[in-house]
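Enquirer: Mind looking over this structure? Questions follow.
The values are calculated or read from the model by the stated rules, or taken from the named source; none is laboratory data. All values derive from a computational prediction rather than experimental measurement. Cβ coordinates were reconstructed from backbone atoms using ideal geometry, including for glycine residues, and neighbour counts include every protein chain displayed. Accessible surface areas use protein heavy atoms only, side chains included; no ligands, DNA or RNA. Shrake-Rupley method; radii C 1.70, N 1.55, O 1.52, S 1.80 Å.
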Amino acid sequence: IEVTASSRHYVDRLFDPDPQKVLQGVIDMKNAVIGNNKQKANLIVLGAVPRLLYLLQQETSSTELKTECAVVLGSLAMGTENNVKSLLDCHIIPALLQGLLSPDLKFIEACLRCLRTIFTSPVTPEELLYTDATVIPHLMALLSRSRYTQEYICQIFSHCCKGPDHQTILFNHGAVQNIAHLLTSVSYKVRMQALKCFSVLAFENPQVSMTLVNVLVDGELLPQIFVKMLQRDKPIEMQLTSAKCLTYMCRAGAIRTDDNCIVLKTLPCLVRMCSKERLLEERVEGAETLAYLIEPDVELQRIASITDHLIAMLADYFKYPSSVSAITDIKRLDHDLKHAHELRQAAFKLYASLGANDEDIRKKIIETENMMDRIVTGLSESSVKVRLAAVRCLHSLSRSVQQLRTSFQDHAVWKPLMKVLQNAPDEILVVASSMLCNLLLEFSPSKEPILESGAVELLCGLTQSENPALRVNGIWALMNMAFQAEQKIKADILRSLSTEQLFRLLSDSDLNVLMKTLGLLRNLLSTRPHIDKIMSTHGKQIMQAVTLILEGEHNIEVKEQTLCILANIADGTTAKELIMTNDDILQKIKYYMGHSHVKLQLAAMFCISNLIWNEEEGSQERQDKLRDMGIVDILHKLSQSPDSNLCDKAKMALQQYLA
C-alpha cells in the first residue's frame, strides 16, 4: 500500500498546473525508478505512461521537460518485458519517432535511447520501424549528428534487420555508405554497433556482400578493416562480429573460400572462440559461425579439423559448460548450467559440418571419447533444437559406409532414431528420415532390426505428408528397403503402401517423389519369381501406370526409369505376356528404339532383348510377332549406330534371331 501511495504522489504531480512543478515531478520520478522494477510497475499501473507521452508531444512543453519525459520512459522500458508491452500499447513508438523531428539534439538522443531500448526487446515487432516510409531516410540523416545518434541508430538497425526485405530497404537507403565510415569512429561503442549492422546486412545477401567487398574507408577496403578487427588484441565481441561479417560475405559468394582472409584469419579466429577459456556464449557463437563457414567446403573442413585440436576441444563442450575463467563466479556457474544445452547444440552443429564430406574426419569425430553415446543421448533431449542438431550430426556421420557398418551398429543407433521419428516436428522428421534412408542401404546391418520395429508403416505414413521433403524421404527409404530384399518385405511394402497411394505418388507434382517412386517400383520388380508374383496380383495397375508415364510430358530421366521397369517386367517368366498382349506398349517400345536420345534407345533395347531371348519358352512366337512389327529392321539400323554401346546391343539382339 505504502509504495502505491508514494507512486500515486509521483503521478499526481504530472498533472500540476505549474509547468516548473511538473518538470521537478518528472525529474524526481526519474530518480525514483532507476533500478527499481517494483516502482516502475506501480507507475505504469497508475497510468504514468499516457501522461508522460502527452507531455512529450505537447507543443507548450519546454524542451527540457520533453527530454526528461523521454528519459523516464526509457527507464521504464529498461524493466521487464511486460513494461515494454505496456509502453507499446500506449503507442510510444510513433510518439518517439515524431520526437526525432525536433531541432534539439539532446531531446533527439533521449528519444533514440528509448527507441533503442524498446526495439532491442524481444516483445517489440521489428515491422514497427518500417511502417512509416519516411523513418529510415530520416534516421540515416541523423547518423551524422553525434556519436550517440550513431550508436543508438546502428543498434536499432542491427536489431530490426530481419530477413531480405529489411536488408533491401536499409541497403536502398544507403546504409552501407552511411555506416561504413563509422568503423573508424573514436568511440568503441559506435565501431561495435556499426560492425553488428554489417553482419546482419550481409547475412545470406549476395547483393550487400558484393557491395561491401569494394567499399573503401579512409583508403582501405572493408574486408581489410574487418581482418584488423579480428586480431587477437581486440575485444572478443569485436573479433567474433568481424569474423561473422567475413563468414557471411564468404557464404554469399563475395569472398572466395581459399582467400587468405578466410583461411588464415577468419577460420583460426573462430576456432579460438571454441576454447574452454572463452565464455559460454562466445563458445556457442564461435562454433555455430564456424559450422556455417565450413559447411559447403571440404577444404575448409579439413583445415578446421586440424586447427588447434578442434575436434577434441569440442568434446569439452559436453564436460565443461563454464569457462576456466568463470569458475570462481557462482552466479556465472549457475547461468552456464542452465544454458549448457546451447553448447551441446553448437558442438553437434560443428561436428555435422566438419564431417559432411571427409571420411577421415568422420572417423576422428566418432573416435573422440564417448562421442557416439553423447550424440545418441542428444536424440532424446528435451530441447527440440538440441535434438535437431544431434540428428543432423548423426545424419552427417551416416554418410559413411564404414561407420554404418561399425559404430552405428555397435551403438544400435536405429533404436533412438525410430523413437525420434514418432511424432517429431517436421524439421526433425526431414533429417531423421533422411538418415533412415542411409541406415536402410543394403550393406547396413541395421536394416533387419529396423524392419522388425515397424518401419514400413512409418515410412508409408511419411509418403502421405503435405511436406514434399518428407514424401521424398519416405519413398526413398522404401526404395532402399526394397533393394535386393526378400519377397516377404516387398509384399509388406506393397500392402502397407496400397496401389492407390502408389498411383498418387506416380502423379506427384514433385519430380523427386516421382523418380524415387519409379526407383521403388524398379526395386520391387527385380528377380524373376518376385516379378511374376507382383505382376500376377498388380499387373494391370502397373501396366496402366507405365503407359500413363510414357505418354505424359516427362523428362528423359523419368522415361528412362520407366522403360527400365518395363525391361524388368519383360524379364519375368509369366509377366512377359502382359507386354506381349499389349500392342499399345509394344508400339511405345518401338517408338523409343528410334528416339533421338541414346539413353532411351538403350532402355527400349533392354525390353526387346528380354522379350526375344532364345532359351526361354515361347521365344519363337515373340520373335515372330516383333519381326512383323518391324523391330528387326530397326535392329539392323541400330547395328550401324555410331554409339558403340547401342551398336553392340543391337548386334546381340540380332543374334537371337539367327540362333
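Enquirer: Full extension from Arg504 to Asp132: what is 0.36 nm times the residue separation minus their Cα-Cα distance, to one decimal in nm?
Expert: Between Arg504 and Asp132, full extension yields 129.1 nm more.
Enquirer: Okay, moving on. Please name which of Phe107, Met372, Ala287 has its Cα lying farthest along the dipole of the chain towards the positive end, using unit charges on Cβ (Lys, Arg +1; Asp, Glu -1) and the Cα centre as origin.
Expert: Of the candidates, Phe107 comes out farthest on the positive side.
Enquirer: Once you put a point 7 Å from the Cα of Arg495 and another 7 Å from the Cα of Asn645, both along the Cβ direction, what distance in nm separates them?
Expert: In this crude spin-label approximation the distance works out to 3.9 nm.
Enquirer: Next up: Which FRET efficiency, nearest 0.05, do Arg302 and Lys637 yield, Cβ-Cβ r, R0 41 Å?
Expert: Approximately 0.20, to the nearest 0.05.
Enquirer: How are the alpha carbon pair distances in the stretch 538-583 distributed across 5 Å bins from zero to the largest one, expressed in percent?
Expert: Per 5 Å bin, starting at zero, the Cα-Cα P(r) for the stretch 538-583 comes out as 5, 21, 33, 25, 12, 4, 0 percent.
Enquirer: A further question follows. Which value, in debye to the nearest 20, describes the size of the charge dipole of the chain about its Cα centre when Lys and Arg Cβ atoms bear +1, Asp and Glu Cβ atoms bear -1, and nothing else is charged?
Expert: Roughly 1040 debye for the chain.
Enquirer: Also: What number comes out for accessible area per residue over the chain if the probe is 1.4 Å? Units Å², please. List each step's numbers first, then the result.
Expert: Values: 29500 Å² over 659 residues.
Per-residue value: 45 Å².
Enquirer: Compute the distribution of all C-alpha to C-alpha distances in the stretch 262-418, in bins of 10 Å from 0, and list the percent of pairs in each, rounded to whole numbers.
Expert: It works out to 11, 42, 34, 11, 1, in whole percents.
Enquirer: Could you tell me the center-to-center distance, by alpha carbons, between the stretch 423-461 and the stretch 519-548 in angstrom?
Expert: 24
Enquirer: Still on this structure: Starting from the Cα gyration tensor of the stretch 151-299, multiply each eigenvalue by 5, take the square root, and state the resulting semi-axes largest first in whole Å. Can you show the working numbers first?
Expert: Details: eigenvalues 97, 61, 45 Å².
In descending order the semi-axes read 22, 17, 15 Å.
Enquirer: Okay, next question. According to a simple spin-label model (label point 7 Å from Cα along Cα-to-Cβ), what is the distance in nm between Ser536 and Asn82?
Expert: The modelled label-to-label distance comes out at 7.5 nm.
Enquirer: Roughly how many Å is it from the Cα centre of the stretch 70-117 to that of the stretch 182-243, as a whole number?
Expert: Result: 28 Å between the Cα centres.
Enquirer: Do any GluC sites (Glu not before Pro) in the stretch 562-659 lie in a loop, going by DSSP, with at most 12 other beta-carbon atoms within 10 Å of their beta carbon, and if so which?
Expert: Of the GluC sites (Glu not before Pro), the ones in loops of the stretch 562-659 whose Cβ has at most 12 other Cβ atoms within 10 Å are Glu615, Glu617.
Enquirer: Turning to a different aspect of this structure: Once Lys and Arg get +1 and Asp and Glu get -1 on their Cβ, which of Ser242, Ser507, His395 lies farthest toward the positive end of the dipole of the chain?
Expert: Going by the Cα projections, it comes out as Ser242.
Enquirer: In the stretch 399-477, what GluC sites (Glu not before Pro) fall in a loop by DSSP, with at most 16 other Cβ atoms inside 10 Å?
Expert: In loop regions of the stretch 399-477 (DSSP not H, G, I, E or B), the sparsely surrounded GluC sites (Glu not before Pro) are Glu442, Glu466.
Enquirer: While we're on this one: Starting from the Kirkwood Rh over alpha-carbon pairs, what translational D in µm² s⁻¹ does the stretch 539-658 have by Stokes-Einstein at 37 °C and 0.692 mPa s?
Expert: Rounded to a whole number, D works out at 230 µm²/s.
Enquirer: Restricting attention to the stretch 163-257, which GluC sites (Glu not before Pro) occupy a DSSP loop and are surrounded by at most 14 other Cβ atoms within 10 Å? Intermediate values should be presented prior to the final figure.
Expert: Working: sites: Glu204, Glu220, Glu237; in loops: Glu204.
Those satisfying the criteria are Glu204.
Enquirer: Separate question: Using only Cα atoms, what is the ratio of the radius of gyration of the chain to 2.2 N^0.38 Å? Mind dumping the intermediate values first?
Expert: Numbers: Rg = 34.3 Å, N = 659, 2.2 N^0.38 = 25.9 Å.
Dividing the Cα Rg of the chain by 2.2 N^0.38 Å gives 1.32.
Enquirer: Follow-up question, since we're still on this one. Helix-only mean residue ellipticity at 222 nm, the chain, DSSP H runs n ≥ 4 weighted -39,500 (n - 2.57), per residue, nearest 500. What is it? Don't skip to the end; give the middle numbers.
Expert: Details: 43 runs with 466 residues, N = 659.
Calculated from helices alone, the mean residue ellipticity at 222 nm is -21500 deg cm²/dmol.
Enquirer: Measure off 7 Å from each Cα along the Cα-to-Cβ vector at Glu621 and Leu511, then give the distance between these two points in nanometres to one decimal.
Expert: In this crude label model, Glu621 to Leu511 measures out at 4.2 nm.
Enquirer: Which value, in debye to the nearest 20, gives the size of the charge dipole of the stretch 207-287 about its Cα centre, when Lys and Arg are +1 and Asp and Glu are -1 at the Cβ? Provide the component values of the computation, followed by the final result.
Expert: On the way: 11 positive and 10 negative charges, 44 e Å.
With only Lys, Arg, Asp and Glu charged at Cβ, the dipole is about 220 debye.
Enquirer: Where the only charges are on Cβ atoms (+1 Lys, Arg; -1 Asp, Glu), what is the dipole of the stretch 539-658 about its Cα centre, to the nearest 20 debye?
Expert: 200
Enquirer: With Kirkwood's inverse mean 1/r over C-alpha pairs for Rh, give me the Rg to Rh ratio of the stretch 496-594, two decimals please.
Expert: In the stretch 496-594, Rg relative to Rh is 0.93.
Enquirer: In nm², what is the average projected area of the convex hull enclosing the Cα atoms of the stretch 89-226?
Expert: Values: hull surface 32.4 nm².
Average projection, Cα convex hull of the stretch 89-226: 8.1 nm².
Enquirer: Among Ala141, Ile306, Leu14, whose Cα projects farthest towards the positive end of the dipole of the chain, with charges put on the beta-carbon of Lys, Arg (+1) and Asp, Glu (-1)?
Expert: Ranked along the dipole, the leading option is Leu14.
Enquirer: To the nearest 10 degrees, how steeply does helix 644-658 sit against the main Cα axis of the chain, on a 0 to 90 scale?
Expert: Taking the Cα atoms of the chain, the angle to 644-658 is about 30 degrees.
Enquirer: For the stretch 446-537, what mean projected area does the convex hull of the alpha carbons give, in nm²?
Expert: On the way: hull surface 21.8 nm².
Averaged projected hull area, Cα only: 5.4 nm².
Enquirer: If I stretch the segment between Leu333 and Phe15 completely, what's the gain in nm (0.36 nm per residue apart, minus their alpha carbon distance), one decimal?
Expert: My answer for the length gained is 109.7 nm.
Enquirer: Nearest 10 degrees is fine. How inclined is helix 280-294 to the longest principal axis of the chain, computing both from alpha carbons?
Expert: Helix 280-294 sits at roughly 40 degrees to that axis.
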